[in-house]
1. Ranking B:LYS279, B:LYS385, A:LYS293, B:LYS2 by Cβ neighbours within 10 Å, fewest first, what do you get?
2. Work out the length of the dipole vector of the range A:38-177 about its Cα centre, built from +1 on the beta-carbon of each Lys and Arg and -1 on the beta-carbon of each Asp and Glu, and round it to the nearest 20 debye.
3. Determine the relative contact order of the range B:249-400: mean sequence separation of Cα pairs under 8 Å and six or more apart, normalised by residue count, in whole percent.
4. State, to one decimal in nm, how far the label point of A:THR187 lies from the label point of A:SER281, with both points 7 Å from Cα in the Cβ direction.
5. Determine the shape class of chain B: with a ≥ b ≥ c the square roots of the Cα gyration tensor eigenvalues, call it rounded for a/c under 1.5, and otherwise prolate if a/b is greater than b/c, oblate otherwise.
6. What 222 nm value per residue comes from the helices of chain B, counting each DSSP H run with n ≥ 4 as -39,500 (n - 2.57) and dividing by all residues, nearest 500 deg cm²/dmol?
7. Beyond a 29 Å Cα-Cα separation, which of these cross-linked pairs lie in this structure: B:LYS300/B:LYS385; B:LYS189/B:LYS300; B:LYS49/B:LYS279; A:LYS161/A:LYS246; B:LYS300/B:LYS348; A:LYS310/B:LYS279?
8. How do the peptides B:390-399, A:71-80, B:251-260 rank, highest first, by the average count of neighbouring beta carbon atoms within 10 Å per residue?
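A short reminder: the numbers here are calculations on the coordinates, not readings from a lab. Just so it is clear, the structure is predicted and the values come from calculations on it, not from any experiment. Note that we place each Cβ from the backbone using ideal geometry, even for glycine, and neighbour counts take in every protein chain shown.
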Amino acid sequence: MEFALSILPSVLMDGIVLGFMYALIALGYTMVYGVLEFINFAHSEIFVIGAFVGVEILLGLQTSGSLAALHPAFVLFVILVAGMLCSGLIAMGLERVAYRPLRSAPRLVPLISAIGASFFLQDFIRFVESLWRNTFYLSYPSLDLLETSLKFGTAVEVPIKSLLVIATALLMLFFLYFFVNRTKLGTAIRAVAQDPATASLMGIPVNRMIALTFFVGGAMGGAAGILFGLQYSLVNPYSGFFPGLKAFTAAVLGGIGNIPGAVLGGIVLGLLEAFAASYLSILTDGAFGAEYKDLFAFAVLILILIFRPKGLMGERVREEGA
Amino acid sequence: MKALAAGLGLIAYIGCSSLLVYYHPQSVLAFLLFEASLLLIYYAALPQKAKLFLSSLVLIFLMPVLGVSNGYYLEVAIQVGIYVALALGLNIVVGLAGLLNLGFVAFFAIGAYLWAIFGSPQANQFIAGNFFPLSPWWFFVFLVLSIFAGAFTGALLGLPVLRLRGDYLAIVTLGFGEVIRSLVNNLDKPINLTNGPRGINPIEKPPLFFQPVLHFFGFESAAASLYPLYFYFLVLFLVVVIILVTRRLNDSSIGRAWKAIREDEIAAAAMGVPVVRMKLLAFAVGASFAAAVGVLFAAKQVYINPESFTFMESIGVLAMGILGGMGSIPGAILGASVVTIVNLQLLKGLSLWLNSLRQSGIVLSLPLLGSFDLSQIPAQFEPAKYERMVFGLILILMMIFRPQGILPPRQNSERSNGAA
């Protein structure tokens, strides 16, 4: 019991960090779903692309010897912007190539195309990396600034890394909120989400707004990828699958199509997962351990879809035939 | 007259292509040409009986004969057969009933582990006494049992989730597939059910009950050389049974109900189709096929571990079905054969070719680009590992350019069948 209490602060911290990461990824799913009612299955690879752009820049700086010379905050800023740009642009390109031609098709058709895109991108990253570096398991070089921790009192120690993740995520969420709710473009996106036909009659370029949605969602995913790389260090072309699936769960948990819901869902899921990973083995006397944490997310997903398909914050229900 | 010419032409083609395979045991192309003879038979303007005769000639006589002379082709044929059976099972769920199941491999895993646990010493870990492995004869009992186990788990999954909308259903089945894989991976404690990531080894093979008969007729063969042929015929048998069941179901009121649900669920419900029950039935039938194939797979592999049952396998089977044409039996067969052969032979061939290039030490000197030493091709670049890219490209390209597949189901098949 004492042990259980003593790890509580770090478990909470892990959960919140994980939760913000899921929230950032979940935004990509939820925004696209809000506009097109379509699960962008390849979003998990958009996330991985962000992580790979970050690691490539860091490794490039390291080999040229300028990594130590530059201020870490500047380096972080550069990789974040580069990762977001790349992920956003690729998400946009994907929409143009693999989804737009299928927009009027039955709803499972674009989903299958998205699954195909996801698989294709995984091996495409592997292809590029194995030609370029002869390996596709990369690890982020450590930045000294990120390896320190802040101490609060005697017991609580907060790694700078985790603070960085939370601060970046909060900043992004704030900008996204401002963008969607307070700018003209954001209003246009919301209009397309509500009713594409009417929005188009009002002079909103629907296709361009959909592309913009993919760009913004993809950029959030790319930022999450970089934070993921900084936090957990190891990335490979296939490491997007589980975070992607869990972020989708988070989006559904919060009510898909709902932006604040995605954030809430992400944090709830992150906390649940962190608690399951640390306490499951204590509660069951070691019979079931942290290896079941992945199952946990799926169990949550299935239960939510059965009992509350609208999610925690969802009020939008669209009835439809197929 | 026309039929006679077609028949003679086909026989000539089959003869030539099998000679080609016989004399070029390494050629992928020859084998593909040989496989294509089945497709030609399907399309030829011949009476049903002649088609049946020719295809059984190819499958029951020529393929085993060629397989004995070259074991590798027999292995490819067995793998193709296993995937054909899986694709046919998925075809019922996705093609006929229109339910996208992304966790199909879970049922395959359930069948495989069912036989693996009881057909190996593994079950001794949690059942007292030393009863296991069961004798090979139990293989057939488990083949039947697995059909029920598959149907049961299929219904169990279906019951809560079938009310969900199409794309949600897809994601939940994906989650189910991962749950099963993860359980199999982790259930080595507290009770060692599945031996976790280490997998189960050795699994009993089915009994060689016909060996005394062969002996009587003077054929003496070692068990090791008999097993590939045996598995080939078992797989063939399973595929034929699945095709027959699918065809009967397709032409029955159940099949019509499935297709009605696929086209328009609300209209189907309004016409009195019991939607949820029919969907459950589709799930259960597809799952039981997959589980039966799983039993066979476990017996053939002798060693299985959770790696064989990943999400990628589910998508692979889906890609096969979609390539061939969902809802169509020849489509599923064609898709499974093409994808398996591409993966097994074409990609591997490319890998070998690259390897030989690496070792050749040739230095290419290109104008403008300078020279490039071929031994510098990165060792991590191995086309044989790019199955996902193949599946991904198939899915995207087919969805954009030909969503109905290469061999879509014939629209008016019912009417023409009725008239004949």
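1. Values: B:LYS279 24, B:LYS385 15, A:LYS293 19, B:LYS2 8.
So the ranking, lowest neighbour count to highest, is B:LYS2, B:LYS385, A:LYS293, B:LYS279.
2. Values: 8 positive and 8 negative charges, 92 e Å.
In debye, rounded to 20, the range A:38-177 gives about 440.
3. Details: 98 pairs, mean separation 22.3, N = 152.
After rounding, I find 15 percent.
4. Result: 5.5 nm between the two label points.
5. Since a/c stays below 1.5, the shape of chain B is classed as rounded.
6. On the way: 18 runs with 275 residues, N = 420.
About -21500 deg cm²/dmol.
7. Numbers: B:LYS300/B:LYS385 23 Å; B:LYS189/B:LYS300 27 Å; B:LYS49/B:LYS279 35 Å; A:LYS161/A:LYS246 22 Å; B:LYS300/B:LYS348 22 Å; A:LYS310/B:LYS279 23 Å.
Distance filter (> 29 Å) returns B:LYS49/B:LYS279.
8. Details: B:390-399: 22.8, A:71-80: 15.2, B:251-260: 17.8.
Result, highest mean first: B:390-399, B:251-260, A:71-80.
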